[in-house]
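The values are calculated or read from the model by the stated rules, or taken from the named source; none is laboratory data. A quick note: this is a predicted structure, and the numbers were derived from the prediction, not measured. A quick note on method: Cβ atoms are made from the backbone with ideal geometry, for glycine too, and the neighbour counts reach across all protein chains shown.
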């Protein structure tokens with residue numbers, strides 16, 4: 001893919017792109033540091049975690065990461081994979097992407113679990129945040145314990 005093809009594809013798929021000169025600087029290495037906005041744009045287009053696009057700082061060792069940070073990166077990869085897996089459901093893809101983009105996606109998912117555990121809270125939040133949304137209860141499972149969607153459950157994340 002040429003630089004111009006890449007720029008056109010970015011504009012078509014994510015709604016914005018980079019200049020050919022800026023992309024050339026990135027490719028040649030004359031622009032070693034990306035802005036946060038550029039890194040986020042490239043990560044969104046290539047569907048990778050933004051940290052994938054940068055080198056580790058000098059002296060960095062993976063052993064310096066906490067287990068929670070490593071776990072959060074795994075969760076983010078899982079969420080990004082979910083975005084790619086459900087392209088026919090843009091609302092779900094957008095929700096998964098939004099969770100992956102918060103600084104602590106693990107905490108965001110734990111918060112969602114607490115909201116769903118609290119009787120009536122998910123329904124009330126839905127009424128307040130999206131008043132025109134469907135009135136089906138959110139906190140109530142749509143399938144009974146003996147029914148199935150026909151799909152196997154997703155694999156569990158391993159920390």
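Scanning region 55-76 for residues that are under 24 Å from residue 26 (Cβ atoms) and either modelled with pLDDT of 85 or more or touching a helix residue (DSSP H, G or I) at 6+ places or on another chain (Cβ under 8 Å) (or both) yields 73, 76. Residue 132 meets all of the listed conditions (1) modelled with pLDDT under 90; (2) touching a helix residue (DSSP H, G or I) at 6+ places or on another chain (Cβ under 9 Å); (3) farther than 30 Å from residue 50 by Cα but one, namely (2). Looking only at region 1-48, residues that are part of a loop (DSSP other than H, G, I, E, B) and surrounded by fewer than 16 Cβ atoms within 10 Å (Cβ to Cβ) come to 13 in all. The set of residues in region 90-115 that are surrounded by 13 or more Cβ atoms within 10 Å (Cβ to Cβ) and either in contact with a helix residue (DSSP H, G or I) (Cβ under 7 Å, 6 or more places away or on another chain) or not in a helix (DSSP H, G or I) (or both) comprises 93, 96, 97, 99, 100, 102, 104, 105, 106, 108, 109, 115.
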